[in-house]
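The next block holds one structure in the form of structure tokens; read it before the comments.
What follows is calculated from the coordinates using simple rules that are stated; it is not laboratory data. Bear in mind that the values here come from a model prediction, so they are computed numbers and not experimental data. Ideal geometry is used to build each Cβ from the backbone, glycine not excepted, and the neighbour counts take in all protein chains shown.
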Amino acid sequence: MLDSLFQGIFDSDIIRVIPVSDFLLCIAVSLLVGLLLAGSYMFKSRYTKSFIVTLALLPTVVCVVIMMVNGNVGTGVAVAGAFSLVRFRSLPGTAKEITGLFLAMSVGLVVGMGYLGFAVLYAVILTAICMFYNYLNFGERKNSARYKTLCITIPENLDYSGIFDPVWEKYVSSWELVQVKTTNMGSMFRLTYQITMLNPAAEKDMIDEIRCRNGNLEITVSKQETSAEVL
């Protein structure tokens, strides 16, 4: 009875049905591999929660697609064309949104091939795992308030190579200059730093000291994740 539930409606005697145990085993292994990949990516790297969850779930999505397409050249070509449409969307999407798109497309593929039971089982497992990861705040940084993106505007005649080092040594545990951009018709520079603060409560004191060095020009402080969600 259980095998007939997961049998494709288009199956015939010459088409081998995937055993339910093998299907669940492949999903379990792909979830473990995704967890390993996500954990390794988090090691000494800047990341966002949505990207980590995406990295943990994407192997399972691809695994199911490959299992359903295996041996069918025509379906493989159709899947390649359908998945390539993701990059041509009009609006940029976050990692979480792209995972949802791939998940929906893979479920549609399974249903389209006639494996209705597999489609329901796959969707239930993936949505449950996704909700579980979000409930655990999996991939979320500890003390995320410490990680900031700092933009400083300075005059063009100011040498920025080491002028802010005393500020960093006092308020910041690590810093990196990621962008230098000219602004105001080339009369000013806009510096973008990724910093990790020693004490988030000292943010105003740090800004005040920077103002004394950049001529009281514009300073912007924001969370790093606000500009790193796009995949």
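Please rank THR149, THR48, THR196, THR127, fewest neighbouring Cβ atoms within 10 Å first, as an exposure proxy.
Values: THR149 19, THR48 23, THR196 15, THR127 12.
Fewest to most other Cβ atoms nearby, the residues stand as THR127, THR196, THR149, THR48.
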Item to complete: For LYS142, go through the lysines and keep the ones whose alpha-carbon is under 16 Å away, minus same-chain ones fewer than eight residues off.
Response: LYS44, LYS49, LYS223
Fill in: Scattering profile of region 108-167 at q = 0.19, 0.26, 0.28 Å⁻¹ [log10 I(q)/I(0), Debye over alpha-carbon scatterers]
-0.86, -1.05, -1.12
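Listing TRP168, TRP175 from the residue with the fewest other Cβ atoms within 10 Å to the one with the most, what is the order?
TRP168, TRP175
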Worksheet item: Taking region 144-227 on its own, what percent of its Cα-Cα pair distances exceed 15 Å?
Response: 54 percent
